[in-house]
1. Restricting to region A:113-124, name every residue that is part of a loop (DSSP other than H, G, I, E, B) and within 12 Å of chain B (Cβ to nearest Cβ).
2. Filter region A:237-273 for residues that are part of a helix (DSSP H, G or I) and without any contact (Cβ under 8 Å) to a residue 60 or more places away in the chain and give the result.
3. Are there any strands (runs of 3 or more DSSP E) wholly within region A:300-373 with 1 or more residues that are in the same structural domain as residue A:401 (by TED's automatic domain parsing), and if so which?
4. Return the residues of region B:63-92 that are closer than 22 Å to residue A:370 by Cα and within 25 Å of the chain's Cα centre (by Cα); say none if nothing qualifies.
5. So, in region B:20-45, how many residues would count as being under 20 Å from residue A:37 (Cα atoms) and more than 7 Å from chain A (Cβ to nearest Cβ)?
6. Output the strands (runs of 3 or more DSSP E) that fall wholly within region A:378-431 and possess 1 or more residues being exposed (fewer than 13 other Cβ atoms within 10 Å of the Cβ) and touching a residue at least 12 places away in the same chain (Cβ under 8 Å), or say none.
7. Test residue A:49 against the criterion of being in a helix (DSSP H, G or I) and touching a helix residue (DSSP H, G or I) at 6+ places or on another chain (Cβ under 8 Å), and give yes or no.
8. Mind counting the residues in region A:125-170 that are within 13 Å of chain B (Cβ to nearest Cβ), within 21 Å of the chain's Cα centre (by Cα) and not in a helix (DSSP H, G or I)?
């Protein structure tokens, strides 16, 4: 007997059904905005990740040398791959480029609640627009996806921030500050003690007093005050954040957003508006997912300057949020019909099953040569709504029996009239 | 600029759309038979493949040691993984177990037409029934999937064979024959010269005369003659093959089947009926996909004896078949509505877009602050059927303009009545 690898999961049908429902909801929401599905490789050259994130990223990757001597890695995220794809067909693709896809990614990291070594994300991105409407459309997609899952404004909030407000403010305190390192410190703010946080900021080049003043400003979050203090760059970033929120208002997503400048997103490549989705009740303390603008990445991959903004909800944290909110579909498998054979009636049963399937129904029939009772038990185990009993005796009278599994009631109908023109006849239709 | 790995593919939206259509068709067909979706890891322990296929399989795998010191491989096929899953929950799972899934697999092999290092398959399996109805249901699923794609009996055929007929016949010629090796030779029959084929059979232990007589028998394919010559084991295998075909007749798949005993399926783990789907016109010379019965695998994985039968259509060879038959959906992207803004009308345009999306339409709107002409050009590039022009002047009159992009005709409608109660109003509905 073989065991599964740690951090990897098998999804049996009962576990897969609600996941499929979540994926469908996310993808439907994206498709309705005109995002188009793409499909991407599971392996890429390791250098793509090293160039972007430094040699230390390799420790978190499933990286190895393939049989052709290439250094390759299982993709830990989609962004570098889509950047590569945009660069490869830059001239042909009409802008804005709007793509989505759902697939697994892999990271060699500590396994903990809601975090695995193989994890699924739905990535949704817009390339080629720097306008606030693009940021807002990403927020609106995310809001539609979550409300489509049955979540409400009571369940989640988008904490919206802006990289250039943070960066500009930090530079206003000290022109020589290491803004990237300081923003990484901001990203850790909620996870560490305040003294440690201030220490990280001073490691990045602020004095302790500057770090405290900076923290006071961003936690107070008064955008007018921040714009005034920070100078022109910060003022225009504040203006951009306000434009994004105004567009989000028109797009129906503003009600889910709150400005939260201490939300920073850990990844270095974000450039403008960034946001993270949180559980409003606080029961799930970590960010559920995040997104934002990354205007420099395509150029750093050798492409023409191409602004970009995106979001990537992960299935595991989303399922935690849905479970917390009581909207995770725990429902069991569903089956429209079980066509039960008694005696030598397979040909008629098969004809009925085929007619019902052609109308789009989920239909099971015996493939195990089982008794009436065993077939009934199986029909019950797959939650068949209706059982069509095709028995030799009934057939001799030109009839089949239709049984409603909910009520246990049944009736007989002429075999040649079943299912007839009806797509999904139930006992009610027949009585 | 980074390059893609050899044998791996990027699918842009225009390439992905027809692939998604094929996947949906296959999965819908499986779901209508009551197969249930599962999801499985991309990595497994390498020993699982070595134990099953021998050490030499490693040369074809993406195998490596992970950071925890485990020997792991990118999954080259699904069957060992589902066998592991069946064994892990053997007691809880009610039989028959009917599963499907679509996902990529990976093999380090020579890249050629229709064959890649990363390739997608839809696996469909039944565990727990040794009855001919189970084999026939797999054939019926495959037939429904292919006809669902628009293919007909003119386009494809299932060449059906039986491992125990081949094995029994071989042993009837010589009890000491290496039946596995001989069956592997039969699998190569169409790909090599006849003398080489007969040589492979004699390597497996037949004399040259026996090899010729064996080949005459299986190519003639007279089942009565074969049953008589081969003895009891062969006669009962012939009976089983006939029962499967009779069930396939009831299930509507018999018309696509022809008995072809030289079809052997290369993999060692098949045990009973096996089949391969071929292009009826012969333009695609290789098998499109195959399947069959593998009754011993679960037990060899440490489980209770559990009969099994399955099939795994691959997307790349299927797409070749569909292209050859002229049923590959080359159609471009579709968009129901483009909502065009002229001037400061974003709030109204956004309301209209949201209403149309809520009704399930694919709706794009400007996220790039573009001119009327640029928006029209974009709407055309995404094949928008209808453009809703929300202009400042029209709005002053309480109207929007609805333009049919096919005919170029347009009309104005009161803005508060659009889209109104209609889910997908077209110009025709409005005139």
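The values are calculated or read from the model by the stated rules, or taken from the named source; none is laboratory data. Bear in mind the structure is a predicted one, so any value in this text is a computation, not a measurement. Positions of Cβ are backbone-derived with ideal geometry, glycine not excepted, and every protein chain shown enters the neighbour counts.
1. The first filter runs over region A:113-124 and keeps only residues part of a loop (DSSP other than H, G, I, E, B), leaving A:113-114, A:116-117.
If the condition is that a residue be part of a loop (DSSP other than H, G, I, E, B) and within 12 Å of chain B (Cβ to nearest Cβ), then A:116, A:117 are the ones that fit.
2. The first filter runs over region A:237-273 and keeps only residues part of a helix (DSSP H, G or I), leaving A:237-250, A:254-256.
Matches in region A:237-273: A:239, A:242, A:249, A:254.
3. On the way: elements: A:308-311, A:335-342, A:363-365.
Answer list for region A:300-373: A:335-342, A:363-365.
4. B:86
5. 8
6. Working: elements: A:384-391, A:399-404, A:410-414.
Of the strands (runs of 3 or more DSSP E) lying wholly inside region A:378-431, those with at least 1 residues that are exposed (fewer than 13 other Cβ atoms within 10 Å of the Cβ) and touching a residue at least 12 places away in the same chain (Cβ under 8 Å) span A:410-414.
7. Values: in a helix (DSSP H, G or I): yes; touching a helix residue (DSSP H, G or I) at 6+ places or on another chain (Cβ under 8 Å): yes.
Spelling it out, residue A:49 is indeed in a helix (DSSP H, G or I) and touching a helix residue (DSSP H, G or I) at 6+ places or on another chain (Cβ under 8 Å).
8. Filtering region A:125-170 down to residues within 13 Å of chain B (Cβ to nearest Cβ) leaves A:125-141, A:143-145, A:147-148.
Those left that are additionally within 21 Å of the chain's Cα centre (by Cα): A:125-127, A:134-141, A:143-145, A:147-148.
Next, from what is left, pick out any that are not in a helix (DSSP H, G or I): A:125-127.
Here the count works out to 3.
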